[in-house]
Amino acid sequence: MTPITEVEGRRIALSNLDKVLYPASGFTKGEVLHYYAVAAGSLLSHLYNRPVSFLRFPDGPDGQRFFAKNVPPGTPSWVRTAEVPRRHGSRTGGPLRQVLVQDMASLMWSANLVTEYHTPQWQTDRPGVADRLVLDLDPGPPATVVECCRVALWLRERLAADALRAYAKTSGSKGLHLLVPLEPTPSEKVSAYAKELAVEAERELAGLALHRMTRSLRPGKVFVDHSQNAAAKTTATPYTLRARPEPTVSAPVTWDEVESCTAPSELSFLAGDMGARLARHGDLLAPLLNPNRAGRLP
């Protein structure tokens with residue numbers, strides 16, 4: 001029998017709570033839901049007013065995965081949705097309708113689908129007008145997050161030269177994401193600036209940074225992926241779980257942690273680590289939500 005719980009006055013069916021989703025650690029679906037409840041205060045602030053794309057993995061990271069932008073079948077009528085112009089949601093066809101995860105009830109309903117949360121760099125009421133810039137630092141083995149940290153520190157200084165403040169989080173996979181709060185700026189302009197930064201990083205950090213995705217060039221280097229600034233692209237939302245062998249989290253980190261990183265394990269955080277980190281640091285990415293911290297592209 002599927003248990004029914006009440007969240008903020010909404011009745012939500014929670015299914016298969018004992019199902020092991022992360023076999024490497026025995027982490028269950030019930031623990032996934034518990035993690036999202038623990039992280040809700042910070043996670044919801046980064047999901048708020050952004051159309052959500054879901055990466056669903058109902059049978060765990062090794063099972064089938066579904067990446068969905070459209071509202072999932074069976075979505076309760078009380079879950080808020082928004083129409084997104086197709087040019088900002090994908091390349092063809094008419095407008096999309098996507099879910100907005102605005103409150104604890106819709107977070108628990110969507111988490112029960114077993115999901116990673118992915119969001120664009122713009123908000124629903126201004127499609128294609130970004131309020132943040134993102135750079136995804138992706139290491140090509142044998143490079144690791146340690147090399148990503150070296151590139152991140154260079155990019156932080158380069159952004160600071162343009163009076164822009166960067167904040168870091170782990171990807172929850174192998175790399176790092178840098179995020180910069182911006183005054184509302186057309187995504188095309190942000191994309192162009194981000195590409196310039198990536199090209200400059202490759203020139204200044206020869207042998208370490210790369211601005212092209214070309215597979216043959218990747219080994220031992222850090223790909224500075226600027227493409228996620230395009231209006232139709234999304235990035236793993238801060239605090240989302242990832243579909244990895246362990247329940248890793250896309251976790252905000254301090255610049256001290258980036259500067260001192262000497263091994264990948266130092267910047268890998270699991271669901272069970274996040275309660276203590278939030279208690280110690282609060283939301284390290286809260287400045288992204290503060291209009292007074294927003295910078296202007298040169």
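Values for this structure:
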{"read-out": "Residue within segment 62-83 that is at pLDDT 95 or above and closer than 26 Å to Leu284 by Cα present", "value": "no"}
{"read-out": "Contacts under 6 angstrom Cβ, first residue in segment 173-196 being under 20 Å from Leu284 (Cβ atoms) and without any contact (Cβ under 8 Å) to a residue 12 or more places away in the chain, partner open to solvent by 10 Å² or more (accessible area, probe 1.4 Å) and aromatic (Phe, Trp, Tyr), 6 or more apart", "value": "none"}
{"read-out": "Segment 172-186, residues that are open to solvent by 10 Å² or more (accessible area, probe 1.4 Å) and either part of a loop (DSSP other than H, G, I, E, B) or touching a His at 6+ places or on another chain (Cβ under 7 Å) (or both)", "value": "Ser173, Lys174"}
{"read-out": "Residue selected from segment 7-66 under the condition farther than 22 Å from Ala82 by Cβ, of a type in the set (Lys, Arg) and outside any strand (DSSP E or B), by the criterion most open to solvent (accessible area, probe 1.4 Å)", "value": "Arg65"}
{"read-out": "Subset of segment 200-232 [open to solvent by 40 Å² or more (accessible area, probe 1.4 Å), under 24 Å from the mean Cα position of the chain (by Cα) and among the basic types (Lys, Arg)]", "value": "Arg212, Arg215, Lys221"}
{"read-out": "Unique match (being of a type in the set (D, E, K, R) and in contact with a Lys or Arg (Cβ under 8 Å, 6 or more places away or on another chain)) among Arg165, Arg158, Arg150", "value": "Arg165"}
{"read-out": "Extreme residue, surrounded by the most Cβ atoms within 10 Å (Cβ to Cβ), among residues of segment 245-264 that are hydrophobic (A, V, I, L, M, F, W, C) and outside any loop (DSSP other than H, G, I, E, B)", "value": "Val249"}
{"read-out": "Residues of segment 266-298 classified as open to solvent by 30 Å² or more (accessible area, probe 1.4 Å), of a type in the set (D, E, K, R), under 21 Å from Ala37 (Cα atoms) and in contact (Cβ under 8 Å) with a residue 12 or more places away in the chain, total", "value": "2"}
{"read-out": "Test: residue in segment 265-282 that is in contact with a helix residue (DSSP H, G or I) (Cβ under 6 Å, 6 or more places away or on another chain) and part of a loop (DSSP other than H, G, I, E, B)", "value": "no"}
{"read-out": "Failed criterion for Arg86 (all others in (1) within 21 Å of the chain's Cα centre (by Cα); (2) basic (Lys, Arg); (3) open to solvent by 40 Å² or more (accessible area, probe 1.4 Å) hold)", "value": "(1)"}
{"read-out": "Number of the condition not met by Tyr239 [criteria: (1) without any contact (Cβ under 8 Å) to a residue 60 or more places away in the chain; (2) crowded, with 23+ Cβ neighbours inside 10 Å]", "value": "(1)"}
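The values are calculated or read from the model by the stated rules, or taken from the named source; none is laboratory data. Quick caveat: nothing in here was measured; it's all calculated off a predicted structure. Glycine also receives a Cβ, built like all others from the backbone with ideal geometry; neighbour counts cover every protein chain displayed. Side chains are part of the model used for accessible areas, which takes the heavy atoms of the whole protein and leaves out ligands, DNA and RNA. Shrake-Rupley method; radii C 1.70, N 1.55, O 1.52, S 1.80 Å.
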